[in-house]
Amino acid sequence: METQNHQQTETKSEKPNVMIVGAGLGGLLLGILLERAGIPYHIYERATKLRALGSALTLGANILPVFEQLGLLPALEEISLPVPSLDIYKSDMKLFGSIKLMGRKGTGYENLLFERPRLYELLLKHVPSEKITQGKKVIRAEEKESDKVVIHCEDGSTFEGDILVGADGAYSKIRQDLFNRMGEEGTPVPKEDLEDMVLGDICMVGVAKPSHPEKYPQLKSNISHFMCVLGKDRKSWHAVSVPNNHICWSLIVQLTEAEVKEQKFRNTEWTPESNEAMIKDFYDLPSPMGGTMGELIDETPKDLISRVFLEEKIFKTWFHGRTVLLGDACHKMLPGAGQGAVNAMQDATVLANCIYNMAGRSQESVIAGFEEYYRQRYPHALQKFNVSKEWSMVMFGQTWIERMVRHIMVKYTPEWLFMRTHTKNFAHRPQIAWLPLAETRGMLPALPQEGVRKLLHEN
């Protein structure tokens, strides 16, 4: 079988040809960045049809400067609403407490909340269609002595490039093959990298399109209402107002330790799965926006409902040879702090900067770039991994310890401590190295930009 190369023309700058496996949010943003920088790339996606599922998603000051640099911030704001707080209710629908978010005054940007599929559509529009090939399920990746990396697909096709990026999710085939190659070469893989992910909850999400939006007064507001209910029997559920009179919702069941041990399979992909038993358990429960959760579920197109396991793990190994990972492939985070997509896009930004600054296509240049990527990103990803664990405990933890922690955090945490937390969470704001920097605004300081900065016209 002949090996193909989607970037046939050699570039004078000797920038590496990049193969991206996975057309998720991180993979698409990396494609956009490489497109803008004039670096050859191609995206390979296993699905035969590109679409994004999921529910509500929030982006804030730690990634919005990149959208501003790309000129995409106005388009993102058009599909979003600012969310000023997270409101938590008890099972009797009485307000337990609210967590105020740091908005434009503090960070210089609103916290923008929207439907995840809308962001996917926005990013997809800015990647040329000829740069994405669908129906390419990678079954094997290998590196050749000719300083090339090759992917083999299920349909018998093969492709080669200088760099392989695994943006293929929590159960990454690219990561699996990377570990296998390390083992074959005698390079030790950290023991914890080979352990299973930690499983905690089962979650179902969807986007309702009410036929009578007047039933929900929150939809008339110019802000997003994020409403979480902590129920009984380890259940919690959410309803979130977004533009176009839509309501994002989620149903969460916290597993016991025994149930976690009994799980024999994982399904972390955003695929529309029917789970009537789970829907039945939540169907008659009250929606925090009025009516019942069943009414929201009935107003949700079936192809916009998906069921996932909520898992977590951060890997110590992010690259080897000419292969590198980003997003869930190297750090799978719980959703409580809304940091999974943000960190995938921060990965894409820093990785694009490091590829842009590579001296050439040699193995030495590539590895040096990957080492810089890891140096910049791993400490911040680890911090956000821990923050995600903590905030997931606050937002839907149901053990007595988690309830106690939530009570203390919501009821008794002083404002100065929240301010210090916000300062740390929004300090890391990586920006594109070859475009003019977005201005740092707001009260909270941002960390200095890392790495080499050189505008595109200077290169």
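Throughout, read-outs are computed from the coordinates displayed, never taken from laboratory work. As the structure is a prediction and not an experimental result, all values here were calculated from the model. In this analysis, Cβ positions are derived from the backbone assuming ideal geometry, glycine residues included, and neighbour counts consider all displayed protein chains.
As a length-normalised measure over Cα pairs under 8 Å and 6 or more apart, the relative contact order of the chain settles at 21 percent.
A simple rule links phi to the HN-Hα coupling: the Karplus curve 6.51 cos²θ - 1.76 cosθ + 1.60 with θ = phi - 60°, which for the range 160-171 gives 10, x, 8, 9, 10, 10, x, 10, 9, x, 4, 9 Hz, with x for Gly and Pro.
The helix-only estimate of mean residue ellipticity at 222 nm for the chain, built from DSSP H runs of length n ≥ 4 each weighted as -39500 (n - 2.57), is -9500 deg cm²/dmol after division by the residue total. Pair-distance distribution P(r) for the range 366-422, from all Cα-Cα distances in 5 Å bins starting at 0: 4, 16, 17, 18, 14, 9, 8, 7, 5, 2 percent.
Which whole-angstrom value gives the distance between the alpha carbon centres of the range 439-453 and the range 343-400? About 17 Å separates the Cα centre of the range 439-453 from the one of the range 343-400.
Each Lys or Arg adds one and each Asp or Glu takes one away; over the other residues whose Cβ falls under 12 Å from the Cβ of Val394, this sums to +2.
Counted over the chain, the DSSP beta bridges are approximately 75% antiparallel. Taking amide hydrogens as placed 1.01 Å from N in the peptide plane, the amide H of Ser91 sits under 5 Å from those of Leu230, each at least 5 positions away in sequence or on another chain.
Computing Rg and Dmax of the Cα atoms in Å directly from the structure and comparing it against [x] 22.0, 67; [y] 25.1, 96; [z] 21.1, 60 singles out [x]. Our note on the geometry: Cα centres of the range 37-71 and the range 291-332, 15 Å apart. Translational diffusion of the range 347-459, estimated by Stokes-Einstein from the Kirkwood radius over alpha carbon pairs at 37 °C in a medium of 0.692 mPa s, is 195 µm² per second.
Phi angles of the range 338-344 translate, via the Karplus equation with coefficients 6.51, -1.76, 1.60 and θ = phi - 60°, into HN-Hα couplings of x, 9, x, 5, 4, 6, 4 Hz per residue; Gly and Pro are given as x. Phi angles of the range 30-44 translate, via the Karplus equation with coefficients 6.51, -1.76, 1.60 and θ = phi - 60°, into HN-Hα couplings of 4, x, 4, 5, 5, 4, 5, 8, x, 9, x, 7, 8, 9, 10 Hz per residue; Gly and Pro are given as x. Every Cα-Cα pair of the range 199-310 was included, and the share exceeding 21 Å stands at 35 percent. Add +1 for every Lys or Arg and -1 for every Asp or Glu among the other residues with Cβ under 13 Å from the Cβ of Phe282, and state the total. Surrounding charge for Phe282 is -1. Counted over the range 226-373 with a bin width of 10 Å, the fraction of Cα pairs per bin, in whole percents, is 9, 29, 28, 18, 12, 4, 0.
Here's how it looks for Tyr41: its modeled amide H is under 5 Å from those of Val18, which are all 5 or more places away or on a different chain.
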